[in-house]
Amino acid sequence: MVSDADALKQLRWQEQVADKRKRQQAAIPKEWLIPPVPEGQTNVADVPRSCGLLTDRELEITEVSDVTVLLQKLAAGEWSALEVTTAFSKRAVIAHQLVNCLTEIFIDKALERAAELDAYLKKHGKPMGPLHGLPISLKDQFKVKGLETTMGYAAWIGKYAEEDSVLVKLLLQAGAVLYVRTNVPQTLMWGETHNNVFGRTLNPYNLRLTPGGSSGGEGALIALHGSILGVGTDIGGSIRIPAHFCGVYGFRPSSHRMPSYGVVNSLDGQESVATAFGPLSSSLSGVTTFIRSILAQEPWRYCPSAIPKPWSQDDYSLKAHGEGTRLCFGIMWDEGTVKPHPPVLRALEVTKKALEAAGHSVIEWKSLRHSEYIDVTRSFWLADGSADYNSCLTTGEPLIHSMEPDADPNVIPDFRIPRKPLSAYEIWQLNKERRELRKHLLDRWQATASSTGTGRPIDALICPPAPYAAVPHGQKRSSIYTLIWNTVDYPALIMPVTKVDPKIDVKPVRESFWSAEDEHVHGMYDPEIYKDMPVGIQLVGPTLQEEVVLGVGKVVDTVLSSSGHK
């Protein structure tokens, strides 16, 4: 039975949410509203082009996928920062009406900033910085002075940032324009995107499917060209899963390569498997430009946890990797407990054949001990006995236990049941176990030098981003294919390769399964449900070798493009 006090508390948080949504709606210019899509239409990817709201010039601007091209036009004054910001702001608002991807909308502030940048270019005859005039979207964790950062919690409504987070400061110093922030799941610890404050974000290629999470708002926005470059976070796949599900590029650097100070977070203070901060973009050039632009400003001077490691052009040029002319890749077809769906395996096969045709070599990498990685990391996440989540639910807002649209809020699945908090000693033992797992993987990686034919270990590892393409809402399972690299803190890049084709990607007949989870994931596959959904690959390299992974990624991207898969 609900007490009067509890009922009043519930009413208050719901009133707070209603007010927040009203203020969000008021931030959208009325002339930028579009009619609802016809009932039954599930693919809205082309609506921004066809809705008639964007001018030909605005379409030309927002249809540019290569960040380098857009930056060149801005630096040359061919396109003004004001018109570029207007175009992307308008398209972001259109995207939001289609898939509910935004949280904070601060277009007026962005247009003022863009006008200042245009004035600077006119006065000085040069751009303000490497990101001059580039609109950049932010996941709803990055503090922007004067704005709320709710992170999907009703209790955080009304908390306004008194200063920018370090990463925001560096983006502004580099000449970027910030204009929107994007949706996340409550607690962040989900591979989907839904919360009680802003609701559910949808996948633009099929509204019935999820864009992933926790950077799902970023993935959906970039897929609709409402942003060309955005910033996300990743503790178990939160950049890479949305990138894969939405057909964009996403990069998880090592956890302390980018500055984290001033960012709000879930499980804040848990450093054993730390959150990484990185970009999502419609182009690989966007990912590389972001990393290079931040490192050029020496973020370790502003953030105490950022590693003082400048950008290495030699590493990016693959100087120690045969100049990129004859690379050897490892390929991991599966992690040993859950077999990927046919389109995911096909993306791997397409990549392997394209690389071999270009003169590179690919050798098998067998899964080993990956279940131990998963167990260790999950134990870190659950070590507080849900104290972190509960501390953020002070207004009576309920904890979301399932991402299913019709889930019973009173039913708590086993994996969401709070566990007994671990002692400091028990956490130390987990840290020791993780250390040994990292050493084991390092030795395995180095040992491949005897099999590559290049005299050095594999240059990168190719593997699935997930066992499936984007799944129906509420059906996202364990993030095993991304989480294993968080455990060992390896940088990982997602690259789009293909789309699900029911004629090719037929469901195989299987008589036996590796695990109960494997059987469940196999049963999920229906080629018609996943039809035309993006499918990518994951490219992984050792800790702090971000430049190498990006350099190798450029080789792979070029090879796939030249073979007709881009």
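The values are calculated or read from the model by the stated rules, or taken from the named source; none is laboratory data. Bear in mind that the values here come from a model prediction, so they are computed numbers and not experimental data. Cβ atoms come from the backbone with ideal geometry, glycine included; neighbour counts cover every protein chain shown.
Things to note:
- Residue within segment 300-309 that is assigned to a helix (DSSP H, G or I), surrounded by fewer than 24 Cβ atoms within 10 Å (Cβ to Cβ) and either touching a Phe, Trp or Tyr at 6+ places or on another chain (Cβ under 9 Å) or of a type outside the set (S, T, N, Q) (or both) present: yes
- Answer from T86, T68, T55 - the residue that is among the hydroxyl-bearing types (S, T, Y), touching a residue at least 60 places away in the same chain (Cβ under 8 Å) and in the same structural domain as G199 (by TED's automatic domain parsing): T68
- All of R240, R200, R292, R208 fail the test of being within 26 Å of S379 (Cβ to Cβ), of a type outside the set (S, T, Y) and at pLDDT 95 or above, apart from R240.
- Here L131, L138, L147 are screened, and the one residue that is buried (at least 23 other Cβ atoms within 10 Å of the Cβ) and either touching a strand residue (DSSP E or B) at 6+ places or on another chain (Cβ under 6 Å) or not assigned by TED's automatic domain parsing to the domain that holds A243 (or both) is L138.
- Qualifying positions in segment 170-209 - closer than 22 Å to S479 by Cβ and aliphatic (A, V, I, L, M): V184, L188, M189, L202, L209
- Residue list for segment 324-339, filter: among the hydrophobic types (A, V, I, L, M, F, W, C), under 21 Å from Q446 (Cβ atoms) and buried (at least 22 other Cβ atoms within 10 Å of the Cβ): L327, C328, F329
- Among the conditions (1) assigned to a helix (DSSP H, G or I); (2) touching a Ser or Thr at 6+ places or on another chain (Cβ under 9 Å), G523 misses just one, which is (2).
- Selected residue (only one of G474, G455 is surrounded by fewer than 17 Cβ atoms within 10 Å (Cβ to Cβ) and touching a Ser or Thr at 6+ places or on another chain (Cβ under 8 Å)): G474
- Residues within segment 356-392 that are more than 28 Å from R438 (Cα to Cα) and either in contact with a Gly (Cβ under 8 Å, 6 or more places away or on another chain) or part of a helix (DSSP H, G or I) (or both), tallied: 6
- Selection within segment 381-429 - in contact (Cβ under 8 Å) with a residue 24 or more places away in the chain and among the β-branched types (V, I, T): T394, T395, I400, I427
- Residues satisfying the stated conditions in segment 138-153, i.e. of a type outside the set (A, V, I, L, M, F, W, C), in a loop (DSSP other than H, G, I, E, B) and either within 22 Å of G278 (Cβ to Cβ) or under 23 Å from the mean Cα position of the chain (by Cα) (or both): D140, Q141, K143, T149, T150, G152, Y153
- Whenever a residue of segment 201-218 is assigned by TED's automatic domain parsing to the domain that holds Y249, its partners that are among the acidic types (D, E) and surrounded by fewer than 24 Cβ atoms within 10 Å (Cβ to Cβ), lying with C-beta atoms within less than 9 angstrom and at least six residues away or across chains, give the pairs Y205/D532; N206/D532.
- Matching option when the condition is at pLDDT 95 or above, surrounded by fewer than 20 Cβ atoms within 10 Å (Cβ to Cβ), on the phi < 0 side of the Ramachandran plot and not assigned by TED's automatic domain parsing to the domain that holds A223, among G523, G551, G536: G523
- Residues that are hydrophobic (A, V, I, L, M, F, W, C) and not in a helix (DSSP H, G or I) were ranked within segment 400-454; the one that is nearest to Y153 (Cα to Cα) is I400.
- Selection from segment 429-463 of residues that are under 30 Å from the mean Cα position of the chain (by Cα) and either over 19 Å from L539 (Cβ atoms) or not assigned by TED's automatic domain parsing to the domain that holds R326 (or both): L430, N431, K432, E433, R434, R435, E436, L437, R438, K439, H440, D443
- Filter result for L117 (part of a helix (DSSP H, G or I), over 30 Å from H473 (Cα atoms), in contact with a helix residue (DSSP H, G or I) (Cβ under 7 Å, 6 or more places away or on another chain) and in contact (Cβ under 8 Å) with a residue 60 or more places away in the chain): yes
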